[in-house]
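Just below is one structure, and these are the notes that go with it.
The values are calculated or read from the model by the stated rules, or taken from the named source; none is laboratory data. Because the structure is a prediction, the values reported are computed rather than measured. Cβ: placed from backbone, ideal geometry, glycine included. Neighbour counts: every protein chain shown. SASA here: full protein model, heavy atoms, side chains in, ligands and nucleic acids out. Shrake-Rupley method; radii C 1.70, N 1.55, O 1.52, S 1.80 Å.
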Amino acid sequence: MIINSTKTDVNLTLRTKLKLRMKIILSGLLFLISTFVISQKSFAQTTYLPHYTSKNGLASNNCYYILQDKKGFIWIATDNGLSRFDGTNFQNFTIEDGLPDTQILQIKEDKQGRLWFFALNGKLSYLKDGKFYNPENDELLKKLNFNTVIVSFLQDKSGRIWLGTNSNLIICWDGKSVKKFVSPYVNDKFINAFIHEDEQGNIFAYSDSSVQKFNGKTFALTSSKVQPLSYMTANSTINKSLLYLDNGGLKEFKSGSISNLISIPHNLIKNMSGYFYYDKTAKQIWLANANGTFALDKNGKTVQYLQDITINQAIKDINQNMWFATNQGIYMLPNVNNRLSIIDAESGLSSNVIKSITKDAKNRLWLGTDDAVIDVLSINNYQVDEVGLDDFKKYKTIKQITFDPKSQSIYFASDYGMGVFKNINKNTDDVKYLKETNNSMFVIKHFSLSENSDHLALALSSGVVFLSDRMNKFEFNSLKYREKEDFFKDRSYHVFYDREGNLWFSNINGLSQFSNGKLIKHFENHPLLTKRINDIQQLPDGTLILATDGYGLIFYKENKITRQITQTDGLTNNICTKIFIKNNEIWVLTSKGVNKISNYAKAPGVVNFDYGQDLLSDDINNLFIDDSTAYFATNKGLILFKYNNKNISRNLPKVYITSITKDKERLPIDKSNFIFETGNNIILFTFSAVDFTTSDITYRYRLNEHSAWVETRTRRLDFSSLQSGDYVFEVSAKSQNGNWGPSAKISFTIKKYFWESLWFLSILILLVAYIFYKVAVYITRKQKDKEQEQLRLKNKVLMLEQQALQAMMNPHFVFNVMNSIQHYINTQNTASANKVLTGFARLIRKNLEICTKSYISLEEEIEYLNLYLKLEKNRFGDKLNYVFSVDTEIDKEETLIPSMLLQPYVENAIWHGIMPKEIGGNIQINIKLKDEFFLNIEIIDDGIGIDNSLKARKDSHISKGMQLTQERLNLLGQIEAKPIHLEVRQNTTNGTTVFISIPLK
């Protein structure tokens, strides 16, 4: 925003700026005599009008028309498109958004909430639910395209839309068809026709040359005393009356009669440059003039604003703010309760730069300037007295000025000197200057007056000093000061006397206190108190408030920091420069603006005066607050406004969703629910809250009512790759530290993927169930088949075991053993007979034991083979020798092997390997452990060899015991997890080796 200071009063006389500096130089004299020259001026304050241009975001500075829609947004028609303003941000619209032309002349809103835009090229467009419609995308607008400029718009009580043009053409659209009306009268054409509907529903066309009335079919000439100057000077009201300007002033045509409302000077009417606005409540008309805007009431009072600026239109919004469309942007005149005023050099002050301010008991403001002048402003009659100081260089900038109610004096100070005006109720001639006895130079940072004594404290660049009698002895001797008694060294920044008379000061070390002759260094106990302190004030409860340089405000009481308020609590900045306490409220100047803190004892609320932020920003030097008005000394003059106005109402900001865009496609915002396809969607929401009193707007949003709110400052939110489901986008707003306003909501649904749909899940469940059923049936069947197969194999193994048992006890072996027993009996060798018989009996018993087992221990197998080999040895004598070799690491009792496994191979080695030899032979049985997982057994004989034995046989007889054992091993390999390996081979030329590898269990 740009400061406007062009308001003047028409009746004001020309003022001249007077700066008094009298220097009387007397030739031949060696001294300078200084005197005070006082000048009185009357002046008028200037009202501050916020000014918005393209630098603030406006589409163009050349603005034709302003309209406030039903939601409260301000729309501006410019020569470079449209702008929509919410009090903080401008959103601009051009041809790319759907406008048919960039030059928009007028804006109108119909009963359905559609905003109509009239372009210079004659093409119509309108905005509905966030989407622009134009002749390219709307059939209605194609029918309403007549290549002529629309100058007036009316929607009658039947809903028909009437359009007046700048040519001999009137257009009517009833929602179904378009009708065109052309005046047949050569001298009475529809040029620049304003269309009006009266209380009875009659339609009139007021053109430059005639008045015609619609009879239901066509327009016909009618006699009328109503003669508006142009379509810009006519306006239809809500109650169907017609307001218009003619050469006599503002008039109203109602119920067939004409009323004179306000008389207007002819020169103002002659210079009309745009549309007027009539305030029925205030009975005031605002004229758009080539030399500014003029506000006139029925009593003839005239006020001019924006002098020398061409005004195209003036309107008042629902908050009673006035808006002006000009060729230099738009201006806003705030309502009377929110206006800022400026008093500057053009208004009568000696300078624009005001460095300090105070107020005396006679309701006068004392203003310290940067021009060696103190301005005394009487608030009662707005009269200013300029008081010039004698030493321009020394007192050029008056950076502090304070009223002493005890002596009715004004103390002031610059960097290099200090003075006091005494008897200010009489005159300003009695002035004294602070003197250092030795004429030593000193630099003053700050001073403070004690309320309950005559002490005066000075914060100097060299330290802190105080005067014990400021009334009578306004001087000090720096050489006689005693350190830590009446002088405290180190560069100081601020001094302050509290209500008890204690002196507080801040220097490069931090905060200290001098009380009852004792120095207390508070900074030693609190790190925060070591920071630079720019100002100190005291609350009614005795709490000190410290304005720090970067750490906000510190509340200090009874040697404790009770509270700290910083930027996170609402301050505009943590660099605080000045404090003023009034009516239990704390006013704070920061490097970024003005804050007011209320309810500081319980729950501090920080208000940011960002309205008029161009004025109340970083150029504020000092402030003074009285019971109703806040005054600010700035580099742009004295700023003042009424802060305690009870008529000021703060409504909760209402937020609106202004657009919804999906994948760059703008969607209508009137739908209750949107349904989006699933996928990588990008959904953009734009929203805004209307508030023309502050730009400190905070928003919060969420996507469903159960989720937490998320706060933001942005007005645009995009969501991408959302999961499928139902969502409700909800957004609300609040101003500064106020309460949250009502929410705006938009519901939308993102479809599920087809595999997430109910029908797909149902089919999938059925399919999975069916597959599970089929697999279960298959597995069950396979399990049963496997069980049956294993049962069959086990039965076959049992059968083979029985056959092996039979093969082990073949008749030949039994017959041979019995013959041996008979031989021993016949030869009366009873001992041998008993021995053989006993061995045979033990063998038979062992057979019966192992025939019931599939697996036996290695111990049992060796025992069985020993019984068998002993019987065979008994028969063959020295022709048969055998040896067992068992690995000592083998636990013979725990190691299990298939039963009846080795005997057939041992028997085969005896009968088919060794017995065919004349000299007999040897059998060696080796049993070893391999890798702790396999038991390796070798049966080695030195007989004729298995290959030689098979060649020597005349038949193809195969050992039945070996065949049965081979089949058993094959079956066991199918049943067990690991198979048993068997290998039978001939050793070179003779002898046979049987190798068996058994997996250990």
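The table that follows gives values for the structure above.
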item	result
All aspartates and glutamates inside 12 Å of Lys892 as judged from Cα atoms, apart from same-chain residues fewer than 8 positions distant	Glu859, Glu860, Glu861, Glu863
Ratio of the Cα radius of gyration of the chain to 2.2 N^0.38 Å, where N counts its residues	1.87
Residue (of Ala220, Asn202, Ala234) at the positive-pole extreme of the stretch 179-236, dipole from beta-carbon charges	Ala220
Hydrodynamic radius by Kirkwood, which averages 1/r over all alpha carbon pairs of the stretch 187-229, in angstrom	10.5 Å
Accessible area per residue in Å² at 1.4 Å probe, computed on the chain	48 Å²
Diffusion constant of the stretch 71-185 at 4 °C, which comes from Stokes-Einstein with the Kirkwood Cα-pair radius and 1.567 mPa s, µm²/s	88 µm²/s
The stretch 544-618 and the stretch 190-207: distance between their alpha carbon centers, rounded to Å	59 Å
3J(HN,Hα) from dihedral phi, the stretch 292-304, Karplus parametrisation 6.51/-1.76/1.60, rounded to Hz, x for glycine, proline	x, 10, 10, 9, 10, 10, 6, 8, x, 5, 10, 10, 10
Inverse of mean 1/r across different Cα pairs in the stretch 826-982, Kirkwood, Å	17.2 Å
Highest average packing first - 876-886, 757-767, 906-916, 564-574, Cβ atoms within 10 Å	906-916, 564-574, 876-886, 757-767
Degrees separating the helix 758-808 axis from the principal Cα axis of the chain, which is the longest one	20 degrees
With eigenvalues of the C-alpha gyration tensor scaled by 5 and rooted, the stretch 55-115, Å	17, 14, 10
Heavy-atom accessible surface of the stretch 276-315: percent carbon and sulfur, 1.4 Å	43 percent
Reach of Lys879 by Cα under 19 Å, taken over aspartates and glutamates that are not fewer than 8 positions away in the same chain	Glu907, Glu918, Asp941, Asp942
Cα-Cα over 32 Å, subset of Lys131/Lys254; Lys435/Lys484; Lys664/Lys745; Lys123/Lys734	Lys131/Lys254; Lys123/Lys734
The stretch 728-788, Rg to Rh (Cα coordinates; Rh as Kirkwood inverse mean 1/r)	1.61
Alpha-carbon radius of gyration plus Dmax, which is the widest Cα pair, for the stretch 421-502 in Å	13.3, 40
Sequence-distant aspartates and glutamates (8 or more away, or on other chains) whose Cα lies within less than 20 Å of Lys70	Asp86, Glu109, Asp110, Asp129, Asp156, Asp279, Asp317, Asp670, Asp691
Inter-label distance for Lys298 and Asp469, nm, one decimal - labels placed 7 Å from Cα along Cα-to-Cβ	7.0 nm
The chain: relative contact order in percent, alpha carbon pairs under 8 Å with at least 6 residues between	6 percent
Length released on extending from Asn673 to Glu436, taking residue separation times 0.36 nm less the Cα-Cα span	77.2 nm
Low-density loop positions, GluC sites (Glu not before Pro), the stretch 489-561 - DSSP coil, at most 12 other Cβ in 10 Å	Glu500, Glu558
Kirkwood-Stokes translational diffusion coefficient of the stretch 356-414, alpha-carbon pairs, 10 °C, 1.306 mPa s, µm²/s	138 µm²/s
Diffusion coefficient, µm² s⁻¹, Stokes-Einstein with Kirkwood Rh over alpha-carbon pairs of the stretch 283-341 at 25 °C and 0.890 mPa s	209 µm²/s
